[in-house]
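Asks: This is the structure I have questions about; it appears just below.
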Amino acid sequence: MAVAVRGSRGGGSAGFNAGLRSLFSYRILVSAMFTLLFLATLSVLLTTHRPTSPYYSSLPSSGNAYVQRTFLALNSDPLKTRLDLIYKQASDHMTLVNAYAAYARKLKLDISRQLRMFDDLAKNFSDVTSKPNYKSSLFESEGAVDEDVLRQFEKEVKEKVKIARLMVAESKESYDNQIKIQKLKDTIFAVNELLIKARKNGAFASLISAKSIPKSLHCLAMRLVEERISHPEKYREEEPKPEFEDPSLYHYAIFSDNVIAVSVVVRSVVKNAEEPWKHVFHVVTDRMNVAAMKVWFRMRPVEGGAHIEVKTVEDFSFLNSSYVPVLRQLENLKLQKFYFQNQAENATKDTSNIKFRNPKYLSMLNHLRFYLPEMYPKLHKILFLDDDVVVQKDLTGLWRIDLDGKVNGAVETCFGSFHRFAQYFNFSHPLIKERFNPKACAWAYGMNIFDLDAWRREKCTEQYHYWQSLNEDRSLWKLGTLPPGLIAFYSTTKSLDKSWHVLGLGYNPSISMDEINKAAVIHYNGNMKPWLDIAMNQYKNLWTKYVDNDMEFVQMCNFGL
């Protein structure tokens with residue numbers, strides 16, 4: 001037992017000693033590690049490059065001297081730190097100025113004045129730090145820094161820094177690509193807004209000048225009506241002539257409220273006709289202008305024995321709202337609001353639809369062309385003429401053209417992708433998409449020879465009624481009589497030689513005179529009508545030579561022709 005106890009005590013003492021030795025070994029290891037870490041840190045400090053500030057250039061190169069000087073400077077002379085900060089600020093701004101100057105040279109910008117200023121400023125920074133009094137007192141002296149000299153140095157540096165910042169701020173837009181891009185975008189946007197506004201104003205002004213009644217035309221109409229009132233006995237109604245219904249003669253349909261324009265059309269036809277006495281003109285106008293129209297042709301009878309009939313829309317009693325879709329649509333309050341309400345207020349705000357809102361497109365005078373067979377039931381053929389055309393040759397050859405059973409003889413206007421059905425109709429509408437070819441060629445109104453017998457057989461007026469009724473909300477096409485004409489005479493139009501009808505004299509200044517001289521009919525379609533001041537001068541004389549300048553009222557109303 002005794003042996004056992006002793007053995008146990010001896011074993012406990014040995015374990016305690018082993019633990020103690022382990023503890024001392026651990027402490028020695030930790031101490032050694034901290035010692036090595038301290039030595040490594042000290043080595044780094046000793047080998048670190050000293051600052052580039054010139055006032056350190058006189059220090060010894062050894063690490064100990066540098067460390068000693070650093071601690072001494074921090075402890076004994078705080079002005080040295082202030083000097084370091086001022087010098088660093090000057091160096092940073094000198095680098096910035098040099099960078100802007102170098103970038104300007106690289107871009108080859110036309111800013112030579114700025115380049116000189118940047119170069120001068122960089123040189124000024126360098127000169128400030130190189131001044132003898134600053135160099136000797138601040139950078140090369142090992143003693144204390146002179147505070148007055150430091151304050152003067154700081155003042156000069158701050159002035160240069162202020163100038164540098166101002167120059168950089170002013171020049172930044174010239175060098176910063178993002179700012180330049182954004183500024184360019186802003187400029188483009190502003191110019192585009194001005195362009196859109198100018199186009200809107202131009203379109204509105206053009207519409208006013210084209211659609212308003214010139215003072216001379218108004219004067220002429222008033223003079224003619226005054227003549228009718230002053231001498232009623234001269235202008236009694238006459239009985240219809242049998243020639244008006246004679247199918248063997250050459251019949252023309254002209255629908256217009258412009259007296260002078262109709263007179264030019266009639267006069268140009270007659271002057272170029274080989275047998276003018278065989279030509280009959282059916283003029284239809286509105287109630288306001290019928291008196292003036294009748295007085296004109298009574299005062300200035302048509303030359304060559306040609307015949308002229310003047311009527312109003314109201315003379316055709318079948319043209320009423322129960323039969324005619326356009327008249328029925330004009331009774332719609334919503335449509336009346338679209339065409340007539342707040343036009344002056346919204347004209348320049350909605351210029352993309354100015355021309356769509358022109359009430360003439362729902363004028364019955366404009367849609368009479370779809371009722372020719374009913375208006376002239378005893379005729380077989382009739383030539384439709386717009387009031388802005390001039391006839392230059394005898395047109396009787398049109399009656400001899402074989403239309404091959406077609407209804408309408410017209411000149412096609414398509415070329416390439418232009419003037420195709422896709423430009424006139426909304427082909428996203430299923431009815432349009434199913435029935436018509438978007439690449440089908442369009443043709444021109446203004447000079448059209450119609451076979452009225454074929455028209456009645458093909459029921460073209462019924463086709464017009466069907467589609468015009470569907471388009472009350474303007475979802476199939478936007479405006480005019482050409483789209484419904486293209487539909488009504490779809491696949492029933494015979495293409496004529498282009499020399500019969502040359503278009504564009506009201507908007508295109510590039511039509512060759514050779515092409516115009518060869519044309520049987522020239523058409524001033526567009527806004528620049530020949531009786532307006534905005535007419536193109538190179539084409540105007542082709543129209544004015546048919547104006548009856550001997551008519552006293554034309555002279556009195558100062559047409560300026």
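Asks: Using 14 Å as the cut-off for backbone N distance, which residues of the range 416-444 belong to the label zone defined by a point 7 Å from the Cα of Ser491 along Cα→Cβ?
Replies: Only 434-438, 440 fall inside the zone, counting backbone N under 14 Å.
Asks: Hey, can you rank 310-317, 433-440 by average C-beta count inside 10 Å, highest first?
Replies: Per-residue Cβ counts within 10 Å, averaged per peptide and sorted highest first, yield 310-317, 433-440.
Asks: How much length would be gained if the chain were fully extended between Trp277 and Glu552, taking 0.36 nm per residue of separation minus their Cα-Cα distance, in nm to one decimal?
Replies: 96.4 nm
Asks: Kindly write out, for the range 434-443 in residue order, the coupling ³J(HN,Hα) from the Karplus curve 6.51 cos²θ - 1.76 cosθ + 1.60 (θ = phi - 60°), rounded to whole Hz, with x marking Gly and Pro.
Replies: Those phi angles translate into 6, 9, 10, 8, x, 8, 4, 7, 7, 10 Hz.
Asks: Using alpha carbons only, what's the Rg to Rh ratio of the range 215-557 with Rh from Kirkwood?
Replies: 0.95
Asks: Now a separate question. Taking H as built 1.01 Å from N, whose amide H comes closer than 5 Å to the amide H of Lys381, not counting residues under 5 places away?
Replies: Leu452
Asks: Shifting gears a bit: What is the extension gain from Lys215 to Asn98, computed as 0.36 nm multiplied by their sequence separation minus the C-alpha to C-alpha distance, in nm to one decimal?
Replies: Extra length available between Lys215 and Asn98 comes to 35.0 nm.
Asks: Skipping prolines and chain starts, which residues have an amide H placed within reach, meaning under 5 Å, of the one on Phe425, given they are 5 or more residues away or on another chain?
Replies: Here nothing satisfies the definition.
Asks: Please give the Cα centre distance for the range 507-561 versus the range 362-436, rounded to the nearest Å.
Replies: 24
Asks: By per-residue mean of other Cβ atoms within 10 Å, what is the highest-first order of 223-233, 186-196, 475-485?
Replies: 475-485, 223-233, 186-196
Asks: Keeping the other protein chains in place, figure out the carbon and sulfur percent of the accessible area of the range 453-561, with a 1.4 Å probe.
Replies: Here carbon and sulfur together make up 46 percent of the probe-accessible area.
Asks: State which entries of Lys393/Lys459; Lys406/Lys459; Lys80/Lys158; Lys271/Lys294; Lys459/Lys498; Lys271/Lys494 exceed 24 angstrom in Cα-Cα distance in the structure shown.
Replies: Working: Lys393/Lys459 32 Å; Lys406/Lys459 12 Å; Lys80/Lys158 18 Å; Lys271/Lys294 21 Å; Lys459/Lys498 27 Å; Lys271/Lys494 28 Å.
Lys393/Lys459; Lys459/Lys498; Lys271/Lys494, as the Cα separations exceed 24 Å there.
Asks: If packing is taken as the mean number of other Cβ atoms within 10 Å per residue, what is the order of 200-208, 407-415, 507-515, highest first?
Replies: Descending mean neighbour count gives 407-415, 200-208, 507-515.
The values are calculated or read from the model by the stated rules, or taken from the named source; none is laboratory data. Since the structure is predicted, the reported quantities are computational estimates derived from the model, not experimental observations. Quick reminder, even Gly has a Cβ in these numbers, built from the backbone with ideal geometry, and neighbours come from all protein chains shown. All accessible areas refer to the heavy atoms of the entire protein, side chains included, with ligands and DNA or RNA removed. Shrake-Rupley method; radii C 1.70, N 1.55, O 1.52, S 1.80 Å.
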